[in-house]
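Structure record follows, encoded as structure tokens.
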Amino acid sequence: MSKQRSREYRQRVNQALATPRLQQALHAFGDAYLLARENALAGRDFDKLRQAVGEMKDEVRVNHQHYIDQFITNAKAAGATIFIAKTAEEANRYIADLAEEKKCRLAVKSKSMASEEIHLNRALETAGVETVETDLGEWIIQLAGQRPSHMVMPAIHMFRDEVAELFSKKTGQQEPDDIEHLVEVARQQLRRSYLEADIGISGANVAVAETGGIALVTNEGNARLVTTLPKIHVALVGIEKLVPTLDDAQSVLEVLPRNATGQQITSYVSWIRGAVPCGEGKKELHIVLLDNGRSALAESPHCKDALRCVKCGACANVCPIYQTVGGHVFGHIYISAIGIILTAFFHGLDQAAELVRACIGCRACVAVCPSNIDLENIILHLREVIGEEEGIGTGKALVFKKVMRNRKLFHSLLRAGSKLQKPVTKGERTIRHLPLFFSSLTEWRSLPAIAATPLRDQWQTIEQRVEQARYKVAFFAGCLNDFVYPELGRDLVKVLNRFGCEVTLPLEQNCCGVPALYSGDKETATVLAQQNVAAMLEGEPDFIVTTCPTCTMSLQRDFLELLGDNPAWAEKAAMLAEKTIDISRLLHEKLGVDALPKTVNRKVTYHDSCHLKRGAGVWQEPRALLAASGNEVVEMAHADRCCGFGGSYSFTSHPDIARRILTDKLNDIEATGADCVAMDCPGCMLQIGGGLEKADSPVRAAHTISLLAESLDD
Amino acid sequence: MTVERFRQAAENVGTAVVPVADIGDACRYIAGRCDGPVLLPSQPSLERGGLSAELEQQVKLLTAFDKSAAEQAAAGISGANFGIAETGTIVLESSAEPVRLATTLPPKHFVLIDPAKIVADGRAAVPYLQNLHHLAPQSFIAYITGPSRTADIERVLTIGVHGPKELHILLLDNLSSDFMES
């Protein structure tokens, strides 16, 4: 089953990659979105706003029964009929039965992701009720027989010529592909549906417990017509939409349009409570409160924060994977990062399995989430769950369990690899071509060779030039630094010595465990965490410094999670997290380095590594250090967009997507005219450096620490 | 200051904001832009100001209408309970069906509002929103900000999809200081 699923998924990926027009549109959208969002949020403390939304939503989750009872009491008092649907089937049956009982022939709908989630249209059509979507985007994809590829802009994957063709079929005449004209066609075509419909169906953006009312946040005005003209109004409301008060609803309103579309507010916000007048009498209002997996999600210790989501769609807008393959690939019904999580709970783990692996873990979504959800962390957890359910593949399992947990064996194999690679490296530091079935790996980026002598074997020969050290610093090198880029270690010693630090390299340190953890092997990650905690705290260093931000996140965050419940390790893991710091922040913040000998004259552009900027919050520091050493620092476009490395993501799981994302990055680098692109991550160096070399670019990729070390050269 | 902020925000989203001297001025503005029936649902502030008597001299004015008639109209007129400066929003208690028909179906929507009834931002609007909920057990309260819009085809902003294509806000001093009436 899962093999066929993977095959079909691959086909969808390949098809999307072969549609450059889609990628261009989504890239342009991503750029425009960021600008609009920045303008809309100007002068606001976004972190404060999102924390407040997150806390308010948590309060509702914890006291759910109280608020839902309050909502139901107030809604009933205002004349609404309430139905609680535990499942999609129950919701569909209730609405279809209602339509049948009232002899409805035509239903008009305003946009509702909850109705997509339960496939309501199918249920209504089966019951003989014609169902017309009235949101322009939804109507387009209904005519096309597709599903939304974005939560806010459902037809973002379609183009004007395709829309014109669909509309021409509908009207029976040739409609020109002028957008204004097409919008007018939709207006005319849908008018009769509103007027003739027996039933109007909407979702809700919030449900307010203190009033028993709902609010709809819309731009087109269709929801106002859907909830006004037909005699019956059915509101399908996910139970996570509850907020306690109108003031809390305002908090959602404060972030939702700004973060969704960069609007201060949408054209319409409709606060609807109870059975308002309609024709001669009163409207019949039915509120269907939909659970369908939400209560299970509320009970999940690792995933529950996902219920904070206000469905703004921003996690898609900024996602490099979404921008590369679109929402029909990177989504099921709900799309992108939040979609992965909701799919797992609403539609089953099997539907989410491929999507969970398609996330590259760049945390771009986390940075823009208006509800303060650590989406990446939750997706990581789901990856572990799927790893446990489906296995992680025998090859990987063997490497993680039998090799990586045994440090000596792991490192011996790496040393052996260094010798075995000679036929392909021909003594060079990079591999530009691999033979036979490995050839695709070096088709778009050269790969660095394993160093002849790893850093750990050179360490004794590296002289420490420091008298009366201010601090004792232990270096957590990470595998790439140790075995592929050992020179970074020499550079680090040189710079830290200059600023009064003695550096040690604890030799019992092992891989940080991220490859195992991100592949879903938590057990191996836990063993590695214990090995590293013990090794790095030995000798009581003042700081534990890293040159790889993914290692930093692992030491600071993952170790705490893996060992936090183990009394033998929890305290030590906390101490390790406390002492761990990346090299740029150590120099800039702790050692107060604000000037270096200005011997260089280079034009440098800086690439923000995902886990450094959005994990450790470090991005100004390396720029300041580079400028302080005489480099002219020029900004590239999308400096903090992922380079597409993602560890095994670019080697085995999704090399085609990684390659496309790298191309974007290389274009942005080239456009600056810089001589050199600096970064603080050996993984990014492998990806960007390999890509530049393969493209015969004159631009050099270097770690910030190497550039700083060069400025100290006599 | 607040009014200026309101005006700018509203114009940013495509609303026409026009100060008018008196009801006569407002009627001339509306009549000059309508070439068909105009809907005027019951609105206390406008009735007090004598809008219908003056306007029906100039246009075909409908004060009672059903949805089919509303669909054929050239414009709808309403007052406003209050405005929100930061976003250029008018807030309109729309529970009475004619108010909703007049402000959703015709291609143009004219609003008369007393500039004294403009609050600073969405947060400042909440107490009034709460009070509007106390007027009756059922309610349909609309925040209206600019004309109907869509960007659903290639993200190109297009005005006037299902709702009004034009929104005109006429600022008239001393129309009403009561946030609970429109």
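Observations, loosely collected:
- Within the option set B:Ala69, B:Ala96, B:Ala125, B:Ala80, being within 12 Å of chain A (Cβ to nearest Cβ), buried (at least 23 other Cβ atoms within 10 Å of the Cβ) and not acidic (Asp, Glu) holds for one residue only, B:Ala125.
- Taking each residue of region A:161-175 that is open to solvent by less than 100 Å² (accessible area, probe 1.4 Å) and looking for partners that are polar (S, T, N, Q) with beta-carbon atoms closer than 9 Å, six or more apart or interchain, yields A:Ala164/A:Gln174; A:Phe167/A:Gln189; A:Ser168/A:Gln174; A:Thr171/A:Gln188; A:Thr171/A:Gln189; A:Glu175/A:Ser168.
This table checks each residue for (1) part of a loop (DSSP other than H, G, I, E, B); (2) over 27 Å from the mean Cα position of the chain (by Cα); (3) closer than 15 Å to A:Ile544 by Cβ.
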residue	(1), (2), (3)
A:Ala568	yes, yes, no
A:Glu578	no, no, yes
A:Leu587	no, yes, yes
A:Gly592	yes, yes, no
A:Ala595	yes, yes, no
A:Val600	yes, yes, no
A:Asp608	yes, no, no
A:His611	no, no, no
A:Arg614	no, no, no
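- Residues that are over 22 Å from B:Thr103 (Cα atoms), more than 7 Å from every other protein chain (Cβ to nearest Cβ) and open to solvent by less than 10 Å² (accessible area, probe 1.4 Å) within region A:235-255 comprise A:Leu236, A:Val237, A:Gly238, A:Leu242, A:Val243, A:Ala249, A:Val252, A:Val255, listed in sequence order.
Yes or no, residue by residue, for (1) more than 9 Å from chain B (Cβ to nearest Cβ); (2) part of a helix (DSSP H, G or I):
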residue: A:Cys104; (1), (2): yes, no
residue: A:Met151; (1), (2): yes, no
residue: A:Pro154; (1), (2): no, no
residue: A:Lys169; (1), (2): yes, yes
residue: A:Tyr194; (1), (2): no, yes
residue: A:Ala207; (1), (2): yes, no
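- Of all residues in region A:123-139, those being open to solvent by 40 Å² or more (accessible area, probe 1.4 Å) and either part of a helix (DSSP H, G or I) or under 17 Å from B:Arg149 (Cα atoms) (or both) number 2.
- Residue count for region A:140-150, restricted to those that are open to solvent by 10 Å² or more (accessible area, probe 1.4 Å) and in contact (Cβ under 8 Å) with a residue 12 or more places away in the chain: 5
- Of the residues making up region B:109-119, just one is open to solvent by 10 Å² or more (accessible area, probe 1.4 Å) and within 13 Å of another protein chain (Cβ to nearest Cβ), namely B:Val119.
- Any hit, region A:345-354, residues being polar (S, T, N, Q), touching a helix residue (DSSP H, G or I) at 6+ places or on another chain (Cβ under 8 Å) and crowded, with 19+ Cβ neighbours inside 10 Å: no
- Number of the exception - B:Leu175 against (1) under 17 Å from the mean Cα position of the chain (by Cα); (2) of a type in the set (A, V, I, L, M); (3) open to solvent by less than 10 Å² (accessible area, probe 1.4 Å): (3)
- Qualifying helices (runs of 4 or more DSSP H) (wholly inside region A:325-441; at least 2 residues being in contact with a Ser or Thr (Cβ under 8 Å, 6 or more places away or on another chain) and of a type in the set (A, V, I, L, M, F, W, C)): A:349-358
- Residue match in region A:277-291 (condition: β-branched (Val, Ile, Thr), in a strand (DSSP E or B), touching a Leu at 6+ places or on another chain (Cβ under 8 Å) and facing chain B (nearest Cβ under 10 Å)): no
- Candidate set from region A:594-621 (those that are surrounded by fewer than 14 Cβ atoms within 10 Å (Cβ to Cβ) and polar (S, T, N, Q)); member that is nearest to A:Pro698 (Cα to Cα): A:Asn601
- Scope region A:256-275; condition surrounded by 22 or more Cβ atoms within 10 Å (Cβ to Cβ), aliphatic (A, V, I, L, M) and either farther than 19 Å from A:Phe46 by Cα or at the interface with another protein chain (Cβ under 8 Å from one of its Cβ atoms) (or both); matching residues: A:Ile265, A:Val269, A:Ile272
- When region A:177-189 is limited to residues that are at the interface with chain B (Cβ under 7 Å from one of its Cβ atoms) and either open to solvent by less than 60 Å² (accessible area, probe 1.4 Å) or in contact with a helix residue (DSSP H, G or I) (Cβ under 6 Å, 6 or more places away or on another chain) (or both), the one that is nearest to B:Ala70 (Cα to Cα) turns out to be A:Arg187.
- Qualifying residue in region B:70-78 (condition: within 30 Å of A:Ala40 (Cβ to Cβ) and part of a strand (DSSP E or B)): yes
- Within region A:640-661, the set of residues being open to solvent by less than 10 Å² (accessible area, probe 1.4 Å) and touching a Phe, Trp or Tyr at 6+ places or on another chain (Cβ under 7 Å) comprises just one member, A:Ala658.
- For A:Gly393, the conditions (1) open to solvent by less than 80 Å² (accessible area, probe 1.4 Å); (2) more than 26 Å from A:Leu505 (Cα to Cα); (3) more than 31 Å from the chain's Cα centre (by Cα) all hold with the exception of (3).
- Tally, over region B:133-177, of residues that are free of Cβ contacts under 8 Å to residues at least 24 places away in the same chain and more than 9 Å from chain A (Cβ to nearest Cβ): 2
The values are calculated or read from the model by the stated rules, or taken from the named source; none is laboratory data. Every value quoted in this text rests on a predicted model; they were computed, and no experiment measured them. Backbone-built Cβ (ideal geometry, glycine too); neighbour counts: all protein chains shown. Remember, those area values only see protein heavy atoms, side chains included, never the ligands or the DNA or RNA. Shrake-Rupley method; radii C 1.70, N 1.55, O 1.52, S 1.80 Å.
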